[in-house]
Amino acid sequence: MASRALWKGQLRLSLVSIPVEIHSARRSDRKITFRQIHKPSGMRVRYEKSVTGVGPVKSEDIMKGYEVSKDEYVLLEPDEIDAIKLETKKTLELVQFVDGAEIAPIWFDRPYYVVPTDDLAEDAYRVVRDALRNSGKVGLGQLTMRGREALCAIRPCGDGLLMETLHYEDDIRDAEPMFSGIEDDPADADLLQVATELIDRKTAPFDAGAFEDHYAAALRDLVDRKVKSRKTPRATTDESDERPEATNVVDLMDALRASLKGSKAGGKASAAKPAAGKDTPDKPSKKTPAKSTAKSSSKSSSKSTAAGRRKKAS
């Protein structure tokens, strides 16, 4: 599956601008994902946005709320949030350089590959790559994408460049309260020597391929065996299951079945409880329009029948 560029623009170093594309360095196609299936019907379980006492609500009626105290929110209109989103800039300018070892691992967030868009851009691209490699430096800049601004670090990676988004200072929790209870006394000398020798003995070049996600491997093996087995229960959904209307039909069918179970034998239904939140009179009215109409119709019918009998008798 071909990688899709997440961002296209210029990587700028002073007056030099290099057309580049940014691709995610993480694979998502290898991750096993599941759908929740309703076992009795074999249909997908869906989640709808609803309000207690109101039911399902429309997306345009939903606002974002910031909690200022318990059960109290400040409401923000979507337009107000959109108004402060930054315009997606097409330039990632390297404004500062630091030693590669100076940035602690805790600051790194997500990795991306930075590649030149065409052959003409490769010359300048290689110059920046080799300059960073020879100096042992990492370039810093800010990238605006999808309305937000990310702090980025650019470093050499094989024959290309790797961009890693960094956390901002406010994103990282202070470590001092976590470690304040640990004593600062030096470790026992003999134990320290043994631990150091053990580390030296197990030291080797880093190779991610030497490690395996055993849970992911076992899960994939389980799925493969289930797929091949004819005894594995299966559920088949059609296109109608992809539409929200299908969920409404299922909900309506469940409600009708529940009503049938609650009704009494002989066609006499039990008295329905009033729905929560609806205004209902404390006592039913003595006459409803439907009943009064039926009675008046019955009386007029009786009068016309009696008149017809007298006419025949005469």
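Here the simple spin-label model places points 7 Å from the Cα toward Cβ, and for residue 222 and residue 16 these points are separated by 5.2 nm. Each of 44, 201 has some number of other Cβ atoms within 10 Å of its Cβ, and from fewest to most they run 201, 44. Listed from fewest to most Cβ neighbours within 10 Å, the set 178, 145 follows the order 178, 145.
Only the Cβ atoms of Lys and Arg (+1) and of Asp and Glu (-1) were treated as charged; on that basis the dipole of the range 126-191 about its Cα centre amounts to roughly 1020 debye. Taking only alpha carbon atoms, the range 1-136 gives an Rg to Rh ratio of 1.12, where Rh is the Kirkwood radius.
With an a/c value of 1.5 or above and a/b larger than b/c for the gyration tensor axes a ≥ b ≥ c computed over the alpha-carbon atoms, the range 92-183 is described as prolate.
Applying a threshold of 32 Å to the alpha-carbon distances of 49/226; 64/226; 58/85; 137/202; 70/90 flags 49/226; 64/226; 70/90 as lying beyond it. Multiplying the residue separation of residue 119 and residue 214 by 0.36 nm and subtracting their alpha-carbon distance yields 30.1 nm.
Here the label points at residue 229 and residue 127, each 7 Å from Cα along the C-beta direction, are separated by 6.3 nm in the simple model. Our estimate of slack between residue 103 and residue 79, defined as 0.36 nm per intervening residue step minus the Cα-Cα distance, is 4.9 nm. Between the range 135-208 and the range 85-127, the alpha-carbon centres lie 18 Å apart.
For the range 51-114, the convex hull drawn through the C-alpha positions has a volume of 243 cubic angstrom per residue.
No lab work stands behind these numbers, since they all come straight from the coordinates. Quantities reported herein were computed from a predicted structural model and do not represent experimental measurements. Backbone-built Cβ (ideal geometry, glycine too); neighbour counts: all protein chains shown.
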